[in-house]
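The values are calculated or read from the model by the stated rules, or taken from the named source; none is laboratory data. For clarity, every value in this text was computed on a predicted model and none was experimentally measured. We place every Cβ from the backbone using ideal geometry, glycine too, and count neighbours over all the protein chains shown. Protein only, heavy atoms only, side chains kept; ligands, DNA and RNA dropped before computing areas. Shrake-Rupley method; radii C 1.70, N 1.55, O 1.52, S 1.80 Å.
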Amino acid sequence: MYSIVSTAIIQGIKAVPVSVEADVSSGMPVFEMVGFLASEVKEAKERVRTALRNSGFGLPAKRITVNLAPADIRKSGSGFDLPVAVAVLGALGCLEGAELSGFFIAGEVGLNGKVQPVRGVLPMVSGAKERGISRCIVPLANRSEAQLVTGVQVYGVESICDAVQILRGEHWEEKQPAESSDRNTGEARQPDFADIRGQYLVKRACEVAVSGRHNLLMIGQPGAGKTMLAMRIPSILPPLTESEQMELSEIYSVSGLFAEREGLMRVRPFRAPHHTVTVQGLTGGGAVPRPGEISLAHKGVLFLDELPEFLGQTLEVLRQPLEERCVRLVRAYGSFEFPADFMLVAAMNPCKCGYYPDMQRCRCSQSAIERYVGRISRPLLDRVDICVEAPPLAFDELNRAGDGETSEQIRARVMEAWRIQKERYRGENFSHNSQIPAESIRRYCALDAEQERYMEEIYRRLELTARSYHKLLKVARTLADMEQSERILMRHLTEAVCYRSLDKKFWERG
Ligand SMILES: [Zn+2]
């Protein structure tokens with residue numbers, strides 16, 4: 001007998017349909033699996049055979065052949081166990097009356113027949129729906145993400161026996177996932193800019209950065225509140241659109257982190273990997289490539305604290321995704337793309353001890369300071385649009401309560417700036433000032449004769465590169481948008497210059 005079951009494999013963050021065919025015939029008793037399989041998929045044979053026996057289905061002494069199609073896609077991961085088990089049961093005639101073709105099935109099984117969660121269930125179920133499948137059997141632990149796909153009947157199963165009961169159309173009672181009962185209730189309070197004392201200049205820089213989606217670097221002594229400020233940046237970013245929420249949920253589903261996020265991703269992510277993070281941890285990868293920190297920060301903030309402590313090669317891999325807003329991984333068996341449209345926020349001490357340029361307290365030698373900041377390469381620095389100094393808090397600021405505006409108030413202004421940019425860049429393939437390509441700079445950041453002369457002097461005085469000069473103009477464009485001014489004015493240029501002067505101060509002291 002022959003049977004066929006629909007499942008899928010994740011490539012990047014997309015699900016590619018896979019059919020599991022099983023055939024049982026008389027002949028030499030053997031269990032064979034074919035179809036361009038990675039080693040862990042070949043091992044499914046042993047897991048499935050034992051799991052079936054422990055679920056009460058001993059395999060007869062017959063020839064069992066399982067084929068995973070299409071043959072040109074390499075099958076990896078452990079999500080094929082359950083569909084293979086079901087296809088074998090179907091071919092053995094144990095699922096009488098079941099219409100296997102109407103189901104999508106995914107799940108890993110343990111030797112005891114229990115079903116374990118797998119990664120990527122959300123895009124898998126979403127893809128199944130597009131192919132016209134309306135019933136999905138998934139691991140119970142993955143049920144909540146599968147249920148984000150509307151118009152599909154989702155069954156969360158704990159064991160092979162559960163799946164058999166559903167397929168046979170027998171009475172079956174769905175369980176609640178163990179931990180889901182008291183979660184999901186009430187959103188935790190987001191950190192708010194109103195909590196921050198003083199630091200008006202840095203708060204302003206944060207608002208400018210978010211308004212044009214510019215990358216931001218904060219330099220300051222320990223205790224100046226750089227991390228507190230960075231953590232509050234997501235709270236002034238405009239809310240995610242519905243499609244962004246879904247895309248982000250898919251990334252977390254593929255990462256296997258969906259359960260931790262308790263449902264649809266409604267809040268912009270804030271990721272702060274430690275400086276010991278590996279290149280793979282940052283960009284993604286692995287035998288079955290999964291998204292890295294920069295993709296988990298998609299549509300949100302990637303915060304790199306203690307920037308010079310990161311390894312040079314770790315930082316260098318950020319350059320491509322910062323330009324292209326996605327990360328590409330090339331493997332022998334194919335290339336994968338993960339979205340990575342994040343805002344980079346970095347923080348650093350001005351020197352190893354943290355107190356430069358306060359020469360009373362700084363214990364670092366001139367060359368030590370140069371070595372410290374020199375760990376950040378010029379090309380990476382050129383990709384930072386706004387560089388701001390976070391000064392130590394003045395004494396009278398220490399005892400003051402949070403005195404600033406709320407994040408909600410700031411966000412209202414940011415949303416207005418985003419609206420202006422969206423309008424202006426209608427029909428372009430970018431949507432924010434930070435993304436204006438070099439060839440369109442003159443069109444969108446036009447200057448008059450006096451401004452040209454001023455900028456020429458700045459270009460020479462700050463020894464700008466072409467890239468950093470363009471960054472400066474884009475920031476000026478954002479400052480103009482924040483005042484709803486169609487023209488860039490002199491005061492916008494001078495403020496933008498301030499956000500560019502620090503690299504001269506810290507990186508090129510004579
Ligand atoms: Zn120092």
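Among the residues of the range 454-494, count how many are of a type outside the set (A, V, I, L, M, F, W, C), within 28 Å of CYS351 (Cβ to Cβ) and in contact (Cβ under 8 Å) with a residue 60 or more places away in the chain.
4
Under 7 Å between Cβ atoms, which residue pairs at least 6 apart in sequence (or on different chains) link something in the range 252-272 that is at positive phi and modelled with pLDDT under 95 with a partner that is crowded, with 18+ Cβ neighbours inside 10 Å and of a type in the set (S, T, N, Q)?
Within 7 Å, the pairs are GLY263/SER144.
Going residue by residue through the range 385-393, is there one that turns out to be within 16 Å of the ligand (Cβ to nearest atom), open to solvent by 50 Å² or more (accessible area, probe 1.4 Å), in the same structural domain as MET231 (by TED's automatic domain parsing) and within 25 Å of SER211 (Cα to Cα)?
yes
Name the one entry in GLU428, GLU450 that is free of Cβ contacts under 8 Å to residues at least 40 places away in the same chain and open to solvent by 40 Å² or more (accessible area, probe 1.4 Å).
Selected residue: GLU428, the only one of GLU428, GLU450 that is free of Cβ contacts under 8 Å to residues at least 40 places away in the same chain and open to solvent by 40 Å² or more (accessible area, probe 1.4 Å).
So GLU439 fits all but one of (1) open to solvent by 60 Å² or more (accessible area, probe 1.4 Å); (2) under 25 Å from ILE236 (Cβ atoms); what number is the exception?
Answer for GLU439: the failing condition is (2).
So, ASN142, is that one open to solvent by less than 30 Å² (accessible area, probe 1.4 Å), more than 16 Å from GLN165 (Cα to Cα) and among the polar types (S, T, N, Q) or not?
yes
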